[in-house]
Each structure stands twice: as structure tokens, then as C-alpha cells.
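The values are calculated or read from the model by the stated rules, or taken from the named source; none is laboratory data. This is a predicted model, so every value here is computed, not measured. Virtual Cβ from ideal backbone geometry, glycine too; neighbours counted across all protein chains shown.
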């Protein structure tokens with residue numbers, strides 16, 4: 001059995017925020033979400049989240065993804081682990097992580113589980129030229145770990161040690177459950193330290209090892225806004241490098257923000273100043289130009305997205321969208337469409353090779369193939385209480401400045417004349433004109449202009 005305990009009970013006062021520290025976002029996902037994503041990638045059987053400050057917000061976000069334990073008083077890391085101990089499986093291993101360490105990768109977690117197979121406790125360490133206030137790793141002459149000493153409890157000699165404790169461990173569950181009871185708070189902080197378990201395990205002649213992480217920045221903790229920015233840059237670089245190696249072209253990787261759950265096919269081109277949040281998939285050969293914001297959407301092959309916002313929608317192959325278009329509410333755009341500037345579509349299904357070039361709103365609509373929308377068309381879908389559908393058949397032509405008062409149907413090969421407000425169905429092959437006859441008043445224009 002693989003278990004994980006994630007400590008997320010702290011307030012994070014240095015963030016200067018009413019939001020729990022672990023809920024601050026990196027690339028559109030809370031820090032705690034990054035941790036859970038990586039645990040899911042190594043297929044843990046049970047994840048236990050220790051919460052305290054802002055518990056309701058964390059619970060609302062994670063819901064049933066984890067089990068919860070509560071640390072009502074902040075009495076140290078050892079005390080936090082004690083709150084989760086009753087939910088551990090007696091067999092297997094448990095990795096201890098932190099909700100404010102979002103950079104720890106699934107490969108490192110897997111390495112910890114594998115490394116601990118023949119040990120009772122594995123400690124993850126790192127080497128720093130300036131160890132600052134980290135706890136120090138004390139080894140014997142054979143380089144075996146003997147203990148971890150917290151910064152405030154270090155002697156002068158121990159302060160010169162460069163190897164530090166990351167706070168990340170892997171335990172044999174049986175031994176953790178048995179010996180955590182021996183922790184005491186006899187230290188400078190009067191807290192229960194997980195670090196003391198190293199000495200406790202060794203005193204009981206258990207097998208303990210310390211292994212060092214390859215990239216120190218991977219184990220960085222986030223305590224303030226600068227740390228949050230540093231963590232985002234590290235994760236962003238790692239994600240972007242992965243996709244560069246898999247055939248995606250970045251014009252400027254430093255200005256491109258991609259979520260963990262976004263995936264690409266080869267030959268995608270990504271310009272700077274684009275944001276892809278949530279779960280997206282971008283198909284082969286598509287280009288995304290600056291200013292685009294895409295959330296939980298699918299974009300087909302060889303499409304061009306130019307400075308658009310696309311949310312919860314699907315775009316087909318060889319579609320050109322933008323600049324400054326907005327698709328939302330489960331809009332589906334079929335192959336070969338042209339959606340131009342300042343067009344908004346909501347809950348709309350658009351057939352193949354349809355053109356909607358500019359300044360148009362299509363909401364709650366089903367549109368056929370090869371339809372042309374002029375400038376300024378509006379599907380009037382809301383009466384103040386309810387939403388209604390507009391249906392437009394194949395090869396229809398909707399002229400400029402047309403209002404379609406839903407519920408309404410415009411048939412195949414139908415034409416709606418410019419400037420019309422349509423509130424009755426238009427049959428197949430018909431033309432609808434709904435506007436008053438023009439009347440010219442001689443001389444009245446000049447008189448009006450000259451009037452003060």
C-alpha cells in the first residue's frame with residue numbers, strides 16, 4: 001500500500017492574504033492541487049490531508065480526492081502527523097509531503113517509495129552553499145545519517161553543515177505508527193518534530209537512510225509572494241521544456257503559461273503571452289498567437305487562435321478564430337470555420353465552413369454548414385427570465401445588424417435582410433425583411449444640424 005500525508009494546516013502569515021497559503025495558485029492551479037496531481041501520477045492508494053487554518057476552503061477545493069485530518073493547534077510537524085496516524089494503513093509505506101511545496105515531482109516521489117523498500121525510513125536531503133535556517137543532516141564517519149538538528153538547536157559546528165533536511169520522508173507504516181508515540185516537545189520551540197524520528201528509529205536499530213535530491217529548487221517551500229513567483233517560474237520552465245522536447249515550438253517560453261493538465265500534439269506553435277489553464281488539448285499544427293486565454297478546451301489540427309478567450313469549448317480543424325473573439329459555455333466550432341474579431345459565442349454549435357467575421361453575438365444556437373453572418377448580428381436569446389434557442393439551417397445568409405428573437409428557426413438557403421428584427425420563423429429558401437419603409441423629409445436634416 002502506498003499512502004501519503006500532506007501537511008497543509010498552516011496560515012502562512014507572510015503571504016499577507018486571507019486565503020490559506022496552500023490555495024494560492026501557480027499556473028491556474030492551487031499549490032495543493034499540484035501536490036495531489038503528482039501523488040495521483042504515482043498511484044497512491046490513500047492521501048491524507050492535514051488541515052487547520054482555512055480548512056473549509058481546502059475541503060471545498062479537494063472534496064473527495066483525499067481524506068482529511070485536523071490539526072486544531074499548531075504544535076509542530078510531528079504533532080501534525082499524529083493527527084493523521086489513525087487513518088494510515090498498517091502495511092506499506094507513507095510519503096510525507098507539504099502543501100506549500102508544489103515543485104516536488106512525481107518522479108521524486110516514486111524514487112522515494114522505491115528507495116524505501118529495504119529501509120524503515122528514508123530522508124530526502126539537499127545541499128546548499130548557504131543552508132540558512134534549514135535543519136542540518138548529521139552523519140557519522142561512514143556517512144550514515146545519525147540525526148537531524150533544527151536550526152535553532154544547532155551547535156556552531158552543526159551550523160557549518162551544508163546538507164539540509166527538506167522535510168520530506170518515506171516511512172514504513174508499521175514503524176511510523178508504532179514509534180511516533182515517542183516524540184517529545186523538549187526543544188527550543190516546545191514542538192513535536194518529525195525530525196526526531198530519525199534518532200528514535202536508529203535507537204530501535206531500524207534501517208534509516210538519507211538520499212539527496214538532484215535539483216535543490218524542486219524542494220523549495222513557498223512562504224511569501226516572492227517564493228510563489230520562484231516556484232511558478234521553476235514549474236513553468238519544467239513544463240515548457242517537456243513540450244519543447246515533444247515537438248512544440250515556443251517563440252518565448254518565459255512568456256508562455258501552461259497548466260499541468262494541458263497536452264499538445266507535434267508541430268504546435270505557441271507565441272508569448274498566452275495562458276492555458278485547466279485541462280486543454282491542442283492538436284497537431286495549430287498556432288496560438290499572443291493574448292490568448294484558453295481554459296478546459298480542445299483545439300483541432302492546423303487552426304489559428306489569435307488573441308482569444310476560449311472556455312469549456314471545442315474547436316475543430318483548420319479554424320481561424322480572432323482576434324478578440326470569446327467562446328464559452330460549451331460552444332462547438334466545426335471544421336473550416338472563420339470566427340472573427342469581437343465575436344462572442346455561448347452554448348452554440350456551429351457547422352462546417354461557416355463565417356462570422358465581426359461584432360456578433362451567437363448564444364444558445366444551432367447553426368448549420370456554410371452560413372454567413374454579417375456584422376452586428378445578435379441572437380436575442382434571453383427574455384429576462386429564460387433562455388431560448390435559435391436554429392439556422394445550411395447555406396443561410398444573415399445580413400448585417402439583424403436581431404433574431406428566439407425561439408426562432410431560419411431554414412436552409414434562407415436570407416435575412418440587413419437591419420431586420422425577426423420574430424417569426426423563416427422557411428427554407430425564403431427571404432425575410434423586417435424593417436420600416438424609408439421616408440425622406442426634405443430640408444429637415446440641415447434644419448436639425450443648424451438648430452442650437
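Of all residues in the range 243-261 being surrounded by 13 or more Cβ atoms within 10 Å (Cβ to Cβ) and farther than 14 Å from residue 288 by Cα, which is farthest from the chain's Cα centre (by Cα)?
Filtering the range 243-261 for residues that are surrounded by 13 or more Cβ atoms within 10 Å (Cβ to Cβ) and farther than 14 Å from residue 288 by Cα, the one farthest from the chain's Cα centre (by Cα) comes out as 244.
Can we say residue 112 is in the same structural domain as residue 188 (by TED's automatic domain parsing), part of a strand (DSSP E or B) and within 30 Å of the chain's Cα centre (by Cα)? I'd like the intermediate steps shown before the answer.
On the way: in the same structural domain as residue 188 (by TED's automatic domain parsing): yes; part of a strand (DSSP E or B): no; within 30 Å of the chain's Cα centre (by Cα): yes.
The answer is no for residue 112.
Taking residue 412, is it touching a residue at least 24 places away in the same chain (Cβ under 8 Å), assigned by TED's automatic domain parsing to the domain that holds residue 347, within 27 Å of residue 336 (Cβ to Cβ) and surrounded by 19 or more Cβ atoms within 10 Å (Cβ to Cβ)? Even if it seems obvious, please write down each step before you answer.
Values: touching a residue at least 24 places away in the same chain (Cβ under 8 Å): yes; assigned by TED's automatic domain parsing to the domain that holds residue 347: yes; within 27 Å of residue 336 (Cβ to Cβ): yes; surrounded by 19 or more Cβ atoms within 10 Å (Cβ to Cβ): no.
For residue 412, the condition - touching a residue at least 24 places away in the same chain (Cβ under 8 Å), assigned by TED's automatic domain parsing to the domain that holds residue 347, within 27 Å of residue 336 (Cβ to Cβ) and surrounded by 19 or more Cβ atoms within 10 Å (Cβ to Cβ) - is not met.
Can you find even one residue in the range 247-255 that is in contact with a helix residue (DSSP H, G or I) (Cβ under 6 Å, 6 or more places away or on another chain), outside the structural domain of residue 135 (by TED's automatic domain parsing), free of Cβ contacts under 8 Å to residues at least 60 places away in the same chain and within 30 Å of residue 12 (Cβ to Cβ)?
Yes: one or more hits.
Quick one: in the range 276-296, which of the residues that are over 16 Å from residue 29 (Cβ atoms) and touching a residue at least 24 places away in the same chain (Cβ under 8 Å) is surrounded by the fewest Cβ atoms within 10 Å (Cβ to Cβ)? Full working, then the answer.
Filtering the range 276-296 down to residues over 16 Å from residue 29 (Cβ atoms) leaves 281-292.
Those left that are additionally touching a residue at least 24 places away in the same chain (Cβ under 8 Å): 283, 289, 291-292.
Values: 283: 20, 289: 20, 291: 18, 292: 24.
Within the range 276-296, the match that is surrounded by the fewest Cβ atoms within 10 Å (Cβ to Cβ) is 291.
Suppose the filter is outside the structural domain of residue 233 (by TED's automatic domain parsing) and more than 26 Å from residue 180 (Cα to Cα); does residue 77 pass it?
Values: outside the structural domain of residue 233 (by TED's automatic domain parsing): yes; more than 26 Å from residue 180 (Cα to Cα): no.
In short, no.
Take residue 176 and decide whether it is farther than 27 Å from residue 44 by Cα, at pLDDT 95 or above and either in a helix (DSSP H, G or I) or under 31 Å from the mean Cα position of the chain (by Cα) (or both). Don't jump to the end; show me each part of the working.
Values: farther than 27 Å from residue 44 by Cα: no; at pLDDT 95 or above: yes; either in a helix (DSSP H, G or I) or under 31 Å from the mean Cα position of the chain (by Cα) (or both): yes.
Here the answer is no, as residue 176 does not meet what is asked.
Which number in (1) in contact with a helix residue (DSSP H, G or I) (Cβ under 7 Å, 6 or more places away or on another chain); (2) closer than 23 Å to residue 106 by Cα; (3) outside the structural domain of residue 24 (by TED's automatic domain parsing) marks the one condition that residue 166 misses?
In the conditions (1) in contact with a helix residue (DSSP H, G or I) (Cβ under 7 Å, 6 or more places away or on another chain); (2) closer than 23 Å to residue 106 by Cα; (3) outside the structural domain of residue 24 (by TED's automatic domain parsing), residue 166 misses (3) alone.
For the list (1) assigned to a loop (DSSP other than H, G, I, E, B); (2) out of contact with any helix residue (DSSP H, G or I) (no Cβ under 8 Å at 6 or more places or on another chain), I need the number of the one condition that residue 260 fails.
Only one criterion in (1) assigned to a loop (DSSP other than H, G, I, E, B); (2) out of contact with any helix residue (DSSP H, G or I) (no Cβ under 8 Å at 6 or more places or on another chain) is unmet by residue 260, namely (2).
Of 225, 238, which residue is touching a residue at least 40 places away in the same chain (Cβ under 8 Å), within 26 Å of residue 25 (Cβ to Cβ) and in contact with a helix residue (DSSP H, G or I) (Cβ under 8 Å, 6 or more places away or on another chain)?
Values: 238 fails: in contact with a helix residue (DSSP H, G or I) (Cβ under 8 Å, 6 or more places away or on another chain).
225 is the lone residue from the list that is touching a residue at least 40 places away in the same chain (Cβ under 8 Å), within 26 Å of residue 25 (Cβ to Cβ) and in contact with a helix residue (DSSP H, G or I) (Cβ under 8 Å, 6 or more places away or on another chain).
Are any residues in the range 119-136 more than 32 Å from the chain's Cα centre (by Cα) and within 23 Å of residue 173 (Cα to Cα), and if so, which ones?
Correct list: 119, 120, 121.
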